[in-house]
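Heads up, the thing below is written out as C-alpha cells.
Derivation of every value follows stated rules applied to the coordinates shown; laboratory data play no part. Computed from a predicted model, the values in this text were never measured in an experiment. With ideal geometry, Cβ positions are generated from the backbone for all residues, glycine too; neighbour counts draw on all protein chains shown.
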C-alpha cells in the first residue's frame, strides 16, 4: 500500500521587518495549509544581507540530508529593487538538517559570474546522468553590446559545498527568472517567469542539459502578474498542482490543478477548495513528506504542541540578569531517580533564545570534594562580579546537603567549598526537622543575603558576609506555608513579603505552586491561593519548582518553572524525572500576585 503524501511548504511572507526569513506550513492534501510555529519564522539568516527570500527545500538522494537554498536579499533594508538586481548579493544561502527540525547555521556559495548583479531563486534537481544536483538560479548580467538581462544559470554539486563553474542555462529574448523543474515519466517540465509579460511560461525536454520545447499553455498565458512557480504532485496519481504567487495584486499563492502536463492545461482551484493559512505565502517551495516526517515536524513546530524554554530535559530553574544578559541555571533532568551529576548554564539576550554554555559544575568530580551525585535545584547570586552558586548534592552516605561554589564568571567553571553549607546535622542543632536538606533560593534585602530552603518544612537563614557560610543563630523555620513540599521563594513589594512554594510531589501531575504573604521575612505566612497549576487541555502537567524573576529597574515579573516533558506520550514512565522548562509572565493586582495563565510555547 502506497504511503499517503504529506506536504511541507517553505516560504517567506513579505517585505516586513521579519517577513524575509523562512517560515514553515504543512498540509495533509497540498491544498489546505497550517502555519507552524505560531506563524513565526523557523529559520533565520544572520549573514550577508541578513534576509532570505525564495527558499527551496530538497531531500538529497546522495547523503540523505535536507537542504534549503535561498536568495540572500532583504528588500526591507530599503536599498530598492534596482540595487537588488544590479548590485545585490552574489551569494546563495544554504542550510542543512537531518530531521527538518534542527538546522545548521547558514553558509553561502558565492557565484562567480562576471558582470552579474544578483543571485535569485536558487533551486536544485537531481541529474541521474551526472549523478549530481543541477542547481539553477537567475542572475542579471550585462554582456557585451547588450543591456543587463536576467538569465538562468546553473552549476553542479554533490554536497552543496563544492560547486562547478557556473554556466548559462536558459536565455530568452526577454528577462527570465524563477525557474522550477519537475520530472514525470522521464520528461522534465520547466516553469519560468517571463519578466516582461509577468506570467509563467512552460517547456519540456528529455534531458536536463538537452533541448527543450515550449508548451503553449493558454491557461498559464492568461494569468498575469504572477511569479515564484511551485509544482508538486497531489494525492491523485497523475494530478499536479502548480502554485503561482500573485505578487502584483498582493494576494499570495493561487493553486492551479493539472491532470496532464503534456497538454499544459491548468485549472484555477475554486476558493472553497483551498486554504493557504493565516500567513501570506511568498515565493517558496513544497516538499513531499513521509508520514513520520510530517508527524515529527507537526509535533515540534505545530501551534498546538508544547515547546520548552530550552531544548531537552531540565528542571528546577533559577535566572539572573548580568550586564544586559540573562543566565539560566537548571537541574539536568532525564536520569532515573534524579541521579544526574552535572549542572549546565544557559545565556540569552532576550529570554527567548538560549545558548547552552556547557557544564559548569559536576558534583561527582573533584569540583565538589564532598559530593557523589544527585545534582539538584541550583540558585545563583551575584555580587561585585563574583557568582555564588548554591546547589544540592548527596554525600557518600546518600544524604542530601546544600553546597556553595564560586566563580568570577556567570558560566563558570565554579569552585565548590570543601564542605557543605547546610547539612541535616546543622539543622538538628538548630532544632529544625525536614525531610531533605534541599532546594535553596536566595533573597537580598538592605545588603543582607538570606537563603530559603527545605523539603517537608521550610526554613530561612542569613548568610555570612563572604556568602559561603551561614549564621546559625539566624536560622528559623517558616510557619504558615500551607501544604508545603519544597522550593520556597520570596520577593518584597510595597512592604509586603510574597512567598511561593511547591506542593504535592514532582512526580505528580498535580504538582503546583501555592502563594502566601507576610509582613515579616521570617513569617508567619498567610496562605492565599495557588498561583501556578496544571492545564490538562494543553497537556501542561506537573507545574512547579520555580523562580520568580524581576526585570531590573522595571516592574516586569516572570515565573520560570518546570513541567512534565512533552509530548506526554513520549515518557510512559518516570514523568517526574523527565521534565522541561517553561516561562510565563506573572502580574500583581490589588497588591497580590495573580494566578499564572500557562502558555504552550514557553516564549514571552
Subject >> Segment residue 4-residue 187, length gained on full extension (0.36 nm per residue, minus Cα span) >> reply: 63.5 nm
Subject >> Correct choice for P(r) over Cα pairs in 20 Å bins from 0, in percent that was computed from the model, options (1) 18, 40, 26, 14, 1; (2) 19, 53, 26, 2; (3) 20, 49, 26, 5, 0 >> reply: (1)
**OP:** Grab the DSSP H runs of the chain that are 4 residues or longer, score each as -39,500 (n - 2.57), total them, divide by all residues and round the 222 nm result to the nearest 500 deg cm²/dmol.
**Re:** -1000 deg cm²/dmol
Original post:
Between residue 397 and residue 86, what is the spin-label point distance in nm, taking each point 7 Å from the Cα along the Cα→C-beta axis?
Top reply: 8.4
**OP:** Kindly put 243, 90, 276 in sequence by how many other C-beta atoms sit within 10 Å of each C-beta, fewest to most.
**Re:** 90, 276, 243
**OP:** Please arrange 444, 86, 537, 227 by counting, for each residue, the other beta carbons lying within 10 Å of its beta carbon, fewest first.
**Re:** 537, 444, 86, 227
Original post:
How high is the FRET efficiency from residue 462 to residue 350, r the C-beta distance, R0 35 Å, rounded to 0.05?
Top reply: 0.50
Original post:
Taking square-rooted eigenvalues a ≥ b ≥ c of the alpha carbon gyration tensor, is the stretch 114-215 rounded, prolate or oblate, where a/c under 1.5 means rounded and, failing that, a/b exceeding b/c means prolate?
Top reply: oblate
Original post:
Stretch residue 165-residue 38 to full length: gain in nm at 0.36 nm per residue minus the Cα-Cα span?
Top reply: 41.6 nm
Original post:
In whole percent, what relative contact order does the chain give with Cα contacts below 8 Å and a gap of six or more residues?
Top reply: 9
Original post:
At a Förster distance of 45 Å, what's the computed FRET efficiency of residue 196 paired with residue 63, Cβ-Cβ distance as r, to 0.05?
Top reply: 0.70
Original post:
Between residue 18 and residue 408, what is the label-to-label distance in nm when each label sits 7 Å out along the Cα-to-Cβ direction?
Top reply: 3.9
Original post:
What FRET efficiency would be calculated for the residue pair residue 98, residue 428, taking the C-beta separation as r and a Förster radius of 56 Å, to the nearest 0.05?
Top reply: 0.55
**OP:** Summarise the long-distance tail of P(r) for the stretch 317-593 by giving the % of C-alpha pairs beyond 26 Å.
**Re:** 38
**OP:** Could I have the simple spin-label model distance between residue 336 and residue 236, label points 7 Å from Cα toward Cβ, reported in nm to one decimal?
**Re:** 5.5
Subject >> Gain upon complete extension [residue 573, residue 538; 0.36 nm per residue less C-alpha separation] >> reply: 10.6 nm
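In terms of the ratio Rg/(2.2 N^0.38 Å) built on C-alpha atoms, what value belongs to the stretch 6-301?
So the Cα radius of gyration is 0.93 times the expected 2.2 N^0.38 Å.
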Subject >> Nearest-ten-degree value, helix 291-301 long axis tilted from longest Cα axis of the chain >> reply: 50
